[in-house]
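This report refers to the structure that appears directly beneath it.
Any read-out appearing in this document is the output of simple, stated calculations on the displayed coordinates, not a laboratory observation. Note that this is a predicted model, so its numbers are computed, not measured. Cβ: placed from backbone, ideal geometry, glycine included. Neighbour counts: every protein chain shown.
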Amino acid sequence: MDKIDNTETEVPLFTSPGARLSEGTTYNPQNNSLLWIDIAKGELHRVELPKGKKQQYSESDLNTIANSHEVVKYKEDDKEFIATIGGIALTSDIDIIVAAATQGIAKIDFKTLTFEYKYKFDFIPEDKREFYRSNDSKMSPCGNFWIGIMSNTFKHELKPEGYLAKFDVQTKKFTVLLDNLNISNGMAWSKDLTKFYHVDMTKVTMYKYNKATDSISDPEIFLESKKLGLNIEFDGMTIDDSDNLYIALWDGSGILKVSPEGHFLHKYSYPARRTTCPTIGGAHMDELFVSTADLNLDDTSKLGSVADDLGGSIFRTKIEGVKGRAKYIWEGEV
């Protein structure tokens with residue numbers, strides 16, 4: 001990869017004690033809050049952000065953020081399943097969040113701190129469901145919930161048997177869009193809604209997007225880490241108002257900004273090797289929020305034990321001359 005400009009951020013926005021696999025950063029403009037999940041712990045987190053345009057947050061700001069912290073824990077009654085949350089979607093109610101969880105789609109309520117399954121993954125045979133879990137998920141421009149589903153690696157080995165599925169919020173039915181995936185990860189739609197970008201481990205694939213049918217076709221490899229000489233995996237992804245992609249580099253300590261033509265424009269670096277998911281938010285939609293994972297996320301006795309690696313923390317970087325795009329939300333009743 002050619003040398004590109006780099007911005008380093010060293011101080012975390014927030015660190016949750018015992019964080020393992022922080023993911024799914026989501027900005028909610030309705031109440032200027034930031035949400036994220038810890039997949040491994042089955043937790044949904046939320047903090048309030050400072051108002052106003054700020055280059056950096058002060059120590060007082062960080063303390064205010066910490067004091068606003070809320071968390072909802074997903075408790076799975078069925079012990080055969082590891083309790084995970086893979087992705088979330090906003091609704092018109094700031095306290096109601098839709099979650100892609102281990103067995104299907106759930107409703108999370110910050111007022112009551114409750115978790116309730118609404119729709120199970122009926123396209124996966126019941127005797128096979130323990131082998132899967134949800135991963136990165138987003139609402140589409142048509143208001144349907146697109147969910148990445150992968151091997152439940154907390155219990156089983158990774159196999160190329162994952163899916164990208166769509167849940168139609170009107171018909172309440174699932175449709176499989178892609179199968180035989182390794183790890184269905186980041187998703188993004190172009191501003192004109194003609195392209196859809198999707199991450200599967202070492203590849204970013206670009207598809208034609210049909211808004212009329214909320215479907216994709218004609219895959220074309222957009223980026224491939226091995227061909228770039230990068231020994232990393234691509235993870236979560238977001239897109240700005242100019243259609244530049246921001247791609248998390250798992251084992252790459254940062255977020256890579258890529259133009260619509262596939263040119264590398266900038267890297268945003270963090271003191272955490274496993275960067276997992278970026279989102280652009282803040283009152284002026286010019287702040288990059290990034291989640292990360294602990295290097296020992298599978299061994300809770302060693303969490304936070306790697307010197308100088310702050311994996312599990314959430315970071316924030318002010319990005320000049322950039323404007324993000326608000327996420328599509330779940331409309332209507334959950």
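Per DSSP helix of 4 or more residues, -39500 (n - 2.57); summed, then divided by the residues of the chain. What does that give at 222 nm, rounded to the nearest 500?
About -1000 deg cm²/dmol.
Under the rule a/c < 1.5 gives rounded, and otherwise a/b versus b/c splits prolate from oblate, where does region 79-201 land using the Cα gyration tensor? Could you put the intermediate results ahead of the total?
Details: a/c = 1.68, a/b = 1.05, b/c = 1.60.
Note, shape of region 79-201 comes out oblate.
How do 173-182, 84-93 rank on mean C-beta neighbours within 10 Å, highest first? The partial results should precede the final answer.
On the way: 173-182: 16.0, 84-93: 22.3.
Sorting 173-182, 84-93 by mean packing, highest first, produces 84-93, 173-182.
Tally Lys/Arg at +1 and Asp/Glu at -1 over every other residue whose Cβ is under 11 Å from the Cβ of ASN28; what's the total?
Numbers: positive: ARG46, LYS327; negative: GLU48, ASP93, ASP95.
Local net charge: -1.
Can you list residues whose amide H is under 5 Å from LEU265's amide H, if they're 5+ apart or on another chain and H is modeled 1.01 Å from N?
Those qualifying (amide H under 5 Å, at least 5 residues apart or on another chain) are LYS257, VAL258, SER259.
Which whole-Hz couplings ³J(HN,Hα) result when phi for each residue of region 275-290 is put into the Karplus expression 6.51 cos²θ - 1.76 cosθ + 1.60, θ = phi - 60°, listed in order with x for Gly and Pro?
Along region 275-290, the couplings run 7, 10, 7, x, 8, 10, x, x, 4, 10, 6, 9, 10, 9, 10, 10 Hz.
What residues have an amide H closer than 5 Å to that of ALA19, excluding those fewer than 5 places away on the same chain, when H is modeled at 1.01 Å from N in the peptide plane?
Here nothing satisfies the definition.
Taking the Cβ of SER184 as the center, what net charge do the other residues with Cβ under 14 Å away carry, scoring Lys and Arg +1 and Asp and Glu -1? Don't jump to the answer; show the numbers that get you there.
Working: positive: ARG133, LYS138, LYS159, LYS166, LYS203; negative: GLU23, ASP136, GLU161, ASP179, ASP200, GLU233, ASP235.
Net charge around SER184: -2.
Please list the non-local residues whose amide H lies under 5 Å from the amide H of THR276, H modeled 1.01 Å from N, same-chain partners needing a gap of 5 or more.
Amide H neighbours of THR276: SER291, THR292, ALA293.
Give me the mean projected area, in nm² to one decimal, of the convex hull enclosing the Cα positions of region 210-334.
Result: a mean projected hull area of 10.9 nm².
Could you compute how fast the chain diffuses translationally, taking Rh as the Kirkwood radius over C-alpha pairs and applying Stokes-Einstein at 4 °C with viscosity 1.567 mPa s? Give it in µm² per second. Kindly include the intermediate steps, with their values, before the conclusion.
Details: Rh = 19.7 Å.
My calculation gives 66 µm²/s for D.
Quick one: what are the phi-derived ³J(HN,Hα) couplings along region 10-23, Karplus 6.51/-1.76/1.60 with θ = phi - 60°, whole Hz, x for glycine and proline?
3J(HN,Hα) across region 10-23, in whole Hz: 10, 9, x, 6, 7, 10, 8, x, x, 4, 10, 10, 5, 7.
Run through the DSSP bridge list for the chain and note the antiparallel percent, rounded to the nearest 5.
Details: 96 of 100 bridges.
So the antiparallel bridges amount to about 95 percent of the total.
Each residue of region 53-70 in turn: what ³J(HN,Hα) in whole Hz from Karplus with 6.51, -1.76, 1.60 and θ = phi - 60°, glycine and Pro shown as x?
My calculation for region 53-70 gives 8, 10, 5, 9, 8, 6, 4, 5, 4, 5, 5, 5, 4, 4, 6, 8, 4, 10 Hz in order.
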